[in-house]
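Q: Would you mind keeping the following structure in view while I ask a few things?
The values are calculated or read from the model by the stated rules, or taken from the named source; none is laboratory data. Here the structure is a predicted model, which means the values were calculated and not measured. Counting neighbours? That spans all protein chains shown, and the Cβs are built from the backbone with ideal geometry, glycine included. Surface accessibility is based on the protein's heavy atoms, side chains included, excluding ligands, DNA and RNA. Shrake-Rupley method; radii C 1.70, N 1.55, O 1.52, S 1.80 Å.
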Amino acid sequence: MMFASHMVRAKRSVSYTSFPTLPAKGFDVIITPNAGPAQVVSNILRESNNTGTTTQAYFSAFVFPEVMHTPLFSITAGNAALSTTDRGIGAGMFSADGTKGVFFIIAGNTTPLRIYSWTGGTATVQGTTSNQFSTSSSDLIRLQPSMSGSGVVTWNIYKNGTLQTATWTDSSHVIDLPGRRFGACFRHAYSNGQFASPGIKSMAAQDL
């Protein structure tokens with residue numbers, strides 16, 4: 001008699017402690033038209049200059065090549081703190097093609113911490129709070145979803161292990177869990193010149 005075998009995949013953990021090169025087979029998601037793709041500068045992951053000259057913020061993401069074993073996982077970004085202005089960094093979870101995701105941006109000052117949904121080519125603010133900033137190169141910022149028994153996903157942001165007040169409960173199922181890829185996210189600024197984000201010095205993802 002033949003029996004079907006059922007294998008349970010172990011939880012996956014991925015860690016980048018620095019960026020000597022841009023991870024191969026990753027790809028850019030240009031959230032704001034004319035935003036610059038990701039680059040590596042002195043082992044730091046950072047966005048390049050945008051091609052637009054409109055005075056505004058430019059958002060982009062770099063989606064890593066690894067695929068997590070489940071769509072329920074956490075992502076942690078290490079702040080490189082190369083600037084302490086209202087430009088920002090963050091992390092996100094994305095579909096395999098980068099067309100759908102949830103991400104957050106935390107700034108050095110002024111701009112509120114925000115959670116965004118990304119779908120249909122539009123980034124929408126879903127959760128926000130003021131007075132939540134990151135200015136230190138020791139800061140670790142984590143995006144961690146949880147799911148209720150009814151399948152409703154709540155998105156939480158932690159800074160150095162402390163829950164921040166910008167949360168989003170996706171009770172309307174706008175996006176649920178978007179996929180099994182993780183990304184580094186950036187908020188670049190242009191105002192009569194290029195102003196880059198603080199940069200990201202490390203990234204880690206862990207199946208929950």
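Q: Measure off 7 Å from each Cα along the Cα-to-Cβ vector at LEU72 and GLN194, then give the distance between these two points in nanometres to one decimal.
A: Result: 4.2 nm between the two label points.
Q: Short version: ³J(HN,Hα) in whole Hz for each residue of region 126-140, in order, from phi by Karplus 6.51 cos²θ - 1.76 cosθ + 1.60 (θ = phi - 60°), x for Gly and Pro, what are they?
A: 10, x, 8, 7, 8, 6, 10, 10, 9, 10, 10, 6, 9, 6, 10
Q: Please give the Cα centre distance for region 7-40 versus region 136-169, rounded to the nearest Å.
A: Result: 20 Å between the Cα centres.
Q: Here's another thing I want to ask about it. Straight-line reach from LYS159: which lysines have Cα under 19 Å away, leaving out those fewer than 8 places along the same chain?
A: In chain and number order, the partners are LYS201.
Q: Ok, one more. With a 1.4 Å probe and every protein chain left in place, work out the accessible area per residue of the chain in Å², rounded to a whole number. Each step should come with its number before you reach the end.
A: Values: 9460 Å² over 208 residues.
Averaged over the residues of the chain, the accessible area is 45 Å².
Q: So, in nm, how far is label ASP86 from label THR167 when the simple model puts each one 7 Å beyond its Cα toward the Cβ?
A: With each label point 7 Å from Cα toward Cβ, the separation is 2.8 nm.
Q: Turning to a different aspect of this structure: Could you check how much of the accessible area of region 104-208 is carbon and sulfur, as a whole percent, using a 1.4 Å probe? Mind dumping the intermediate values first?
A: Details: 1940 of 4220 Å².
That share works out to 46 percent.
Q: Report the label-to-label distance for VAL41 and MET147 in nanometres (one decimal), using points 7 Å from each Cα along the Cα→Cβ vector.
A: 3.9 nm
Q: Size of the dipole of region 9-151 about the Cα centre, Lys and Arg at +1 and Asp and Glu at -1 on the beta carbon, nothing else charged, in debye to 20?
A: Values: 9 positive and 6 negative charges, 69 e Å.
Here region 9-151 has a charge dipole of around 340 debye.
Q: Compute a Gaussian network model of the chain, connecting alpha carbons closer than 10 Å, and tell me which residue from THR128, THR165, THR17 fluctuates the most.
A: Largest GNM mean-square fluctuation: THR17.
Q: Also, quick follow-up: Using 0.36 nm per residue, how much length does the chain from ASN160 to THR21 gain when fully extended, once their Cα-Cα distance is taken away? It would help to have the intermediate numbers written out before the result.
A: Working: separation 139, 0.36 × 139 = 50.04 nm, distance 2.62 nm.
Roughly 47.4 nm would be gained on extension.
Q: If you take Rg and Dmax of the Cα atoms in Å from the coordinates, which of (1) 16.9, 54; (2) 16.9, 74; (3) 24.3, 85 do you get?
A: Here Rg and Dmax of the Cα atoms in Å agrees with entry (2).
Q: Give a quick list of trypsin sites (Lys or Arg not before Pro) in region 1-80 that DSSP marks as loop, anything other than H, G, I, E or B, with at most 16 other Cβ atoms within 10 Å. The partial results should precede the final answer.
A: Numbers: sites: ARG9, LYS11, ARG12, LYS25, ARG46; in loops: ARG9, LYS11, ARG12, LYS25.
Passing both the DSSP loop test and the Cβ count: ARG9, LYS11, ARG12, LYS25.
Q: Please compute the net charge surrounding SER137, taking Lys and Arg as +1 and Asp and Glu as -1 over other residues with Cβ under 14 Å from its Cβ.
A: Numbers: positive: ARG46, LYS159, LYS201; negative: ASP139.
My count for the surroundings of SER137 gives +2.
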